[in-house]
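What follows is a short report on a single structure.
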Amino acid sequence: MSGEIILTPPLADEDVRDLEAGDRVLITGTILTARDAAHQRLARLIQQGEDLPVDIRGQIIYFVGPTPTRPGEVIGSAGPTTSYRMDPFTGLLLEKGLKGTIGKGPRSREVIESMVRHKAVYFAAVGGAAALISRRIVSSEILAYEDLGPEAIRRLTVREFPVLVVNDIRGNDLYEKGVEEYRRIHR
Amino acid sequence: MREIKAELITSTLKGMVVESAYHLGEDVIGALKAGLERETSPQGREILRQLLENARIAAQGRFPLCQDTGLAVVFAELGQEVSIAGGGLDAAIHQGIREGYGEGYLRKSMCHPFTRKNTGDNTPAVIHVKVVPGDRLKLIFAAKGGGSENMSRVTMLRPSEGKAGIVDYVVGRVRESGANPCPPVIVGVGIGGSFEKAALFAKESLFRPLGDRSPDPELAELEDEILEKINDLGIGPGGFGGRVTALDVHIEMHPCHIASLPVAVNIECHSHRHGEKVL
C-alpha cells in the first residue's frame, strides 16, 4: 500500500490483509492499553480458562504506561514501551482474537509466526516522542486493574494516531529491512 | 565546617527532577539537529524531526518528554567540610525525588522486584555518594529510562582481547539492542576497575556533555572509532534503518586486575534527562 492508511478497530482479517511492513497507518477510534503487569494478569486468566475483563476481539493493544494526567488534560505523556517484554503473552491474546499491538522494538520469532497464523499485525510508534503522541489521544478511561497505576488497562480514543507497520501478516519485518538497507560492513 | 540545610538539598533535587523531565539539554538538541543534517534515511529524518518537535512542545507545555520519567539516580559529591543540618543526606534526596515526581506529574516507576507493587512515589532513588575535599555539595540527577537500562551489560573480557575486544563488545551490544533502547542512543562505556566500578564509570560517563571527548587522547580516539562503527550498523533513528544510531560514545577507564578486563556498556536513550547543581 502507499500513502497513509486509516484504520478503525475493531479490525477484521480484510482490514489488515493488505498492510505491508513499512506502511504508515493512522488509527482513529479506540485502542486498549496494557503493559507488563496487566499482560501477566491477562495471561493467567486465559490459562485458568476465565473471562478477560475487556473484550479484545478485533482490538489493538498499545504497550504504554502514561505519566499521571494533570487537571484539565486528557492524559499525560504516552509513548510506546519496549515490546519484547510482552512476547511471552502476545500469542495467547492473538488466539483470543487480538488483531494488533503497538510498541517499539522487534518481536520474537514465535510472536511473528503467531501473527501470521492469526492474521494480526504489529505496529511501532516513535519511542520518546511521548508529548507529541499524546496530542492524538482525545480521551482515556480506565477499564481494569486500576491498582496497577500506570500499568492499568485503559481505553484510549485516538484521532489519527500515527504508527508504522513493523510486522505484516506475511511475516515481513520493517526493522530487519531497514537495517539491511543502511548498514556498512567492516572488514 | 560549612552548613548546608537538608531542605535545600530536597528543594534543589525536586527542581532538577521536574525541569529535566520537561527540558532536553541544548547539547542533545544540537546533536539531534546535527543528526538530521547527516541522516540519509527519509524515515530516520522524519523521526529526528519528530524528536525535535517533541522537545519543543514538552518544554513549551511543561509536559514530560517521555512517559518513562525514569528511575532516579543521584550522584552526590560531598565536600568533607560540609555538615548537613536538619536531616540526613539520603532522606533529603529521597524527599526531593518524592516531591519532584509528585508535583511534576511524573510517572512513578519503582516497584517491588517480585510482587511488582509500585512504591507510589518513585523512591527509593539509587544514590552514590563520594566524599571529596572542599565545602561544597555537588548533586547530579539522572532520570534513567527502563528500556535503555535493560539493554546495558557488564562483561569480563580476557585481558588478551584488548582494545579490539572492547570495540567488538560495545558495538555488538548496540547491534543486539537494535530498536529496543530508543535510538539514537548515547553510549556510556566503563573500562577496567572491577565488576561494579566499570558499571559505575559507564553510568557516570553519560553525564559528560555530548560532543565532549575524553582528556586521554587514546580514549578520545577510541570514542570516535566506536561511534563511527555504531553508526555504520544501520539501525538508525527509531531502529527503522539509518545512519544516526548513536549521538555519542563516552569512555571512562580505571586500572584493573592482571586477570581481568571488565567492560560495562550503559545505554541511554535520546531522551537524555539529567541535571547538575553545586550547593
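The values are calculated or read from the model by the stated rules, or taken from the named source; none is laboratory data. Since the structure is predicted, the reported quantities are computational estimates derived from the model, not experimental observations. For neighbour counting, all protein chains shown are included, and Cβ atoms are generated from backbone atoms with ideal geometry for every residue, glycine included.
Structural remarks
- Selected residue (criterion: farthest from residue B:49 (Cα to Cα)) from residues of the stretch A:113-138 that are surrounded by fewer than 20 Cβ atoms within 10 Å (Cβ to Cβ) and in contact (Cβ under 8 Å) with a residue 60 or more places away in the chain: A:119
- Pairs with Cβ under 6 Å, 6+ apart, first in the stretch B:23-38 and outside the structural domain of residue B:69 (by TED's automatic domain parsing), second of a type in the set (Val, Ile, Thr) and not in a helix (DSSP H, G or I): B:35/B:244
- Qualifying residue in the stretch B:242-255 (condition: basic (Lys, Arg), under 17 Å from residue B:36 (Cβ atoms) and touching a Lys or Arg at 6+ places or on another chain (Cβ under 9 Å)): yes
- Flag: residue A:78 does not match the condition of being among the small types (Gly, Ala, Ser), over 13 Å from the mean Cα position of the chain (by Cα) and either farther than 30 Å from residue B:61 by Cα or within 11 Å of chain B (Cβ to nearest Cβ) (or both).
- Scanning the stretch B:80-135 for residues that are farther than 30 Å from residue A:75 by Cα and among the hydroxyl-bearing types (Ser, Thr, Tyr) gives a single hit, B:83.
- Scanning the stretch B:1-58 for residues that are polar (S, T, N, Q) and part of a helix (DSSP H, G or I) gives B:10, B:11, B:12, B:20, B:43, B:50, B:54.
- Residue A:171 being under 26 Å from residue B:54 (Cα atoms) and not in a strand (DSSP E or B): no
- Qualifying residues in the stretch B:113-126 (those that are under 23 Å from the mean Cα position of the chain (by Cα) and within 18 Å of residue B:149 (Cα to Cα)) - the one farthest from the other protein chains (Cβ to nearest Cβ): B:126
- Being over 23 Å from the mean Cα position of the chain (by Cα) and of a type in the set (A, V, I, L, M, F, W, C) holds for only one residue in B:93, B:84, B:97, and it is B:84.
- Verdict on residue A:64 being facing chain B (nearest Cβ under 8 Å), among the β-branched types (Val, Ile, Thr) and surrounded by 22 or more Cβ atoms within 10 Å (Cβ to Cβ): yes
- The lone criterion from (1) touching a residue at least 12 places away in the same chain (Cβ under 8 Å); (2) in contact with a Lys or Arg (Cβ under 9 Å, 6 or more places away or on another chain); (3) farther than 26 Å from residue B:196 by Cα left unmet by residue B:140 is number (3).
- Residue in the stretch A:114-136 that is touching a Ser or Thr at 6+ places or on another chain (Cβ under 7 Å), of a type in the set (Gly, Ala, Ser) and in a strand (DSSP E or B) present: no
- Test: residue in the stretch A:175-186 that is more than 8 Å from chain B (Cβ to nearest Cβ), surrounded by fewer than 24 Cβ atoms within 10 Å (Cβ to Cβ), of a type in the set (D, E, K, R) and not in a helix (DSSP H, G or I): no
- Any hit, the stretch A:23-46, residues being on the phi > 0 side of the Ramachandran plot and either within 12 Å of chain B (Cβ to nearest Cβ) or in contact with a Gly (Cβ under 7 Å, 6 or more places away or on another chain) (or both): no
- Residue, surrounded by the fewest Cβ atoms within 10 Å (Cβ to Cβ), within the stretch B:232-278, restricted to residues that are in contact (Cβ under 8 Å) with a residue 40 or more places away in the chain and of a type in the set (Asp, Glu): B:276
- When the stretch B:159-174 is filtered for residues that are surrounded by 18 or more Cβ atoms within 10 Å (Cβ to Cβ), closer than 11 Å to residue B:191 by Cα and more than 14 Å from chain A (Cβ to nearest Cβ), only B:166 remains.
- Filter pass, residue B:69 being within 11 Å of chain A (Cβ to nearest Cβ), under 19 Å from residue B:238 (Cα atoms), assigned to a loop (DSSP other than H, G, I, E, B) and out of contact with any strand residue (DSSP E or B) (no Cβ under 6 Å at 6 or more places or on another chain): no
- Among residues of the stretch A:32-52 being among the basic types (Lys, Arg) and surrounded by 14 or more Cβ atoms within 10 Å (Cβ to Cβ), the one that is farthest from residue B:147 (Cα to Cα) is A:41.
- Residues that are within 12 Å of chain A (Cβ to nearest Cβ) and either crowded, with 18+ Cβ neighbours inside 10 Å or hydroxyl-bearing (Ser, Thr, Tyr) (or both), drawn from the stretch B:147-158: B:147, B:148, B:149, B:151
- Here residue A:53 clears all of (1) farther than 30 Å from residue B:18 by Cα; (2) outside any loop (DSSP other than H, G, I, E, B) except the condition numbered (2).
- Check on residue B:179, farther than 30 Å from residue A:123 by Cα and at pLDDT 95 or above: no
- Among the candidates A:103, A:127, the residue that is under 13 Å from the mean Cα position of the chain (by Cα), closer than 14 Å to residue A:33 by Cβ and within 14 Å of another protein chain (Cβ to nearest Cβ) is uniquely A:103.
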